[in-house]
Every structure is written in structure tokens, then in C-alpha cells.
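Reviewing the structure listed below.
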Amino acid sequence: MASILNSRRLGRRFMLGAPLVLATCVARGQSAEITFKRSSLVIETSARKIKFDVELALNDAERSQGLMFRKKLEPYEGMLFDFFQEAPVSFWMKNTLIPLDMIFIAGDGTIRHVHSNATPLSTDTIPSEFPVRAVLEINGGSARLLGIKPGDKVKNAIFGNAP
């Protein structure tokens, strides 16, 4: 996962607090491993419906951990970050070992922006460009290969339109 750098809705407290929790667990020798809930998700493009099996990042700790330190992500797998309301968000790739496509999604499930092939381990910020409800991370290059683009629809329970 790309670490979440900031969000106006969540504010500075989130940006500083979640990494502190992770650092505290590591310093105490505890496992910082989080077990994520899973869900299915469908992206409807102009050509087809594409099903993904996703992990859900639903709270500060889960959003902070995300896909960091993963060595691979299977095709048609990903992580869906839910912010519970639309807001501008930014991500970075610190501690993320694999390239990712970040799909920024409005509250109605419409894809607003796709950032392709985010560079592993980079601390450059990747902004949503628009207020979004959620972000889907999938393998780098997959959005282009599958024809996923702004305007396509994402179907999942968080958008009230489960597949």
C-alpha cells in the first residue's frame, strides 16, 4: 500500500498519529501485522466488467499500514481505502515495495483519476486531484492493461451499489 500522507478531513492528527502507533508496536517487539477484511469489487468499463478481490482499509491503523512491505500482489487483487466521505487525499509509496496503480473514486463509485505505476519506496506525494471517497490500489500497469479509466464505475458495498 502506499502510505496515506494527508487528508483535509482527517487532518494533521491522522498524518502523525497512525505511523506513531506502528512505530510503538515495532519498538515493543510486537507484530504490527493487521488482518484486513475482504470484499469483492467490480469495475465496469465501457468494454466489460472486471472483478477484483480486495482487502479493506477502514480505519486509521489499516489505512496507515495498507500494502506496505508486501513483495507481491496477485492479479485481480487490491486494497480499497475507504475515507467514509469525499475529501482531497494524498498518498506516498514509502515502505511500499511494488509499483501500484492508484484509482481515486468518488462517493457514487465513479473513477475520478488514475495514477499509474507509482514508484516503489518514493516519498513523492500523489494527490487525488479531486475530492474522493475511496482509493483502490492494484498492481502497477493493470489499469492501462484492463482499460480502466476516469468515468468508469466501481461497484462495492461502500458505494451503495454492491455487485
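The values are calculated or read from the model by the stated rules, or taken from the named source; none is laboratory data. This is a predicted model, so every value here is computed, not measured. A quick note on method: Cβ atoms are made from the backbone with ideal geometry, for glycine too, and the neighbour counts reach across all protein chains shown.
Looking across the range 123-140, the residues that are under 18 Å from ILE43 (Cβ atoms) and part of a loop (DSSP other than H, G, I, E, B) come down to SER128, PHE130, GLY140.
Does the range 84-96 contain any residue that is in a strand (DSSP E or B), on the phi > 0 side of the Ramachandran plot and at pLDDT 95 or above? Yes, some residue in the range 84-96 is in a strand (DSSP E or B), on the phi > 0 side of the Ramachandran plot and at pLDDT 95 or above.
Screening the range 105-122 for residues that are hydroxyl-bearing (Ser, Thr, Tyr) and either touching a Ser or Thr at 6+ places or on another chain (Cβ under 8 Å) or not in a strand (DSSP E or B) (or both) and picking the one that is nearest to PHE159 (Cα to Cα) gives THR119. Note on the range 45-72: residues that are in contact with a Gly (Cβ under 9 Å, 6 or more places away or on another chain) and not small (Gly, Ala, Ser) total 9. For the range 141-163, a residue qualifies if it is assigned to a strand (DSSP E or B) and of a type in the set (Lys, Arg), and the qualifying residues are LYS153, LYS155.
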